[in-house]
Each structure stands twice: as C-alpha cells, then as structure tokens.
Amino acid sequence: MSLPDPAPPQGVSYRSVVIQLGVLTVALAVVGGTLGYLVKGGPGAWGALLGAVVTGLFFGTTAVVMFLGRDGDPQVQIRNLVISWFIKLVLLFTAFVALGQATWLEPKAFGLSVLVGVVGSLAIEGRAVWSARIGFELPGQP
C-alpha cells in the first residue's frame, strides 16, 4: 500500500490577506468611529478613524513588502520585513508623540483603535501563514 501523493505546495495568498486587511480597516473605521463618537464625541470619532487608517496603511504595506519579496530567499523576506517594521515603528512612535498634544482627537480612542487593528491583523496574517502548505524535501532525497 503506497502513501497518497501529498498536496502540492501552496504559499501564502497575499491577495486574500490584503482583502481581509482592507475589510478589517473598514470595519474598524466604522465601528471604532461610531463608538468613539458615542463615547467622546467628535474627538473620539477622529481618533478612532485615524487609528484605523494608520493600522490599514501599516499592515497593508507589510503585505505588499512580503508580496514583492516572495521570489527571494527567506533571508531576503525577513530582512525586508524587519526593515519595514522598524521604519513603521519609528513613524508610529512619532505619530503618538505628535498627536499626544492634539486637541481635535481623543488619544485613547486612537490608541485603542491601533491596538484592535494590530491584534486583528496579526490574527489574519498568522492564519494565512498557518494555512499555507510549504514544500519540504529531506536532504539526499530525489
């Protein structure tokens, strides 16, 4: 009795990840903006909306960076990902400092929106990686 042929390797569907991140961003903007408005008025809505936009841009660029490096070695993908994450973290820190003094938005709504977006996008990206079928060949095997 022979083993069935394994399923062919299938990588991460970057298109699916980008679509899911877009849906997350829109849902976060609508729900967060509504809740922010109900709790803190206009500044709450602006904080939540800005947090959703920042989250969408940041994690959309992650998917784009991974897509552009898909044909490279894993070291190239990791390098690109780490460099882009470092740049985005510096920009996010700068945004937190700059927006900390803004009176036209609620910083707690902004921070909560970014936090929910980070957790949601990590769940989306993690599920995409876990569901990918990556081929593996033992050394010395034909």
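The values are calculated or read from the model by the stated rules, or taken from the named source; none is laboratory data. As the structure is a computational prediction, the values presented were derived from the model and not from experiment. Here the Cβ is made from the backbone with ideal geometry for all residues, glycine too, and neighbour counts use every protein chain on show.
General observations
- Exactly one residue out of Phe96, Phe59 is assigned to a helix (DSSP H, G or I), of a type in the set (Phe, Trp, Tyr), surrounded by 12 or more Cβ atoms within 10 Å (Cβ to Cβ) and over 15 Å from the mean Cα position of the chain (by Cα), and it is Phe96.
- Test result for Gly120, part of a helix (DSSP H, G or I), touching a residue at least 40 places away in the same chain (Cβ under 8 Å) and either in contact with an Asp or Glu (Cβ under 7 Å, 6 or more places away or on another chain) or closer than 28 Å to Ser16 by Cβ (or both): yes
- Within region 19-52, the set of residues being among the β-branched types (Val, Ile, Thr) and either on the phi > 0 side of the Ramachandran plot or crowded, with 16+ Cβ neighbours inside 10 Å (or both) comprises just one member, Thr25.
- Number of positions in region 72-93 that are assigned to a helix (DSSP H, G or I) and small (Gly, Ala, Ser): 1
- Selection of region 128-142 for residues being surrounded by fewer than 13 Cβ atoms within 10 Å (Cβ to Cβ) and either among the small types (Gly, Ala, Ser) or at pLDDT 85 or above (or both) yields Ser131, Ala132, Gly135, Gly140.
- If you go through region 36-56 and pick out every residue that is without any contact (Cβ under 8 Å) to a residue 40 or more places away in the chain and either more than 17 Å from Trp104 (Cβ to Cβ) or of a type in the set (Val, Ile, Thr) (or both), you end up with 2.
- Here Ala63, Ala102, Ala109, Ala95 are screened, and the one residue that is at pLDDT 80 or above and under 19 Å from Val26 (Cβ atoms) is Ala109.
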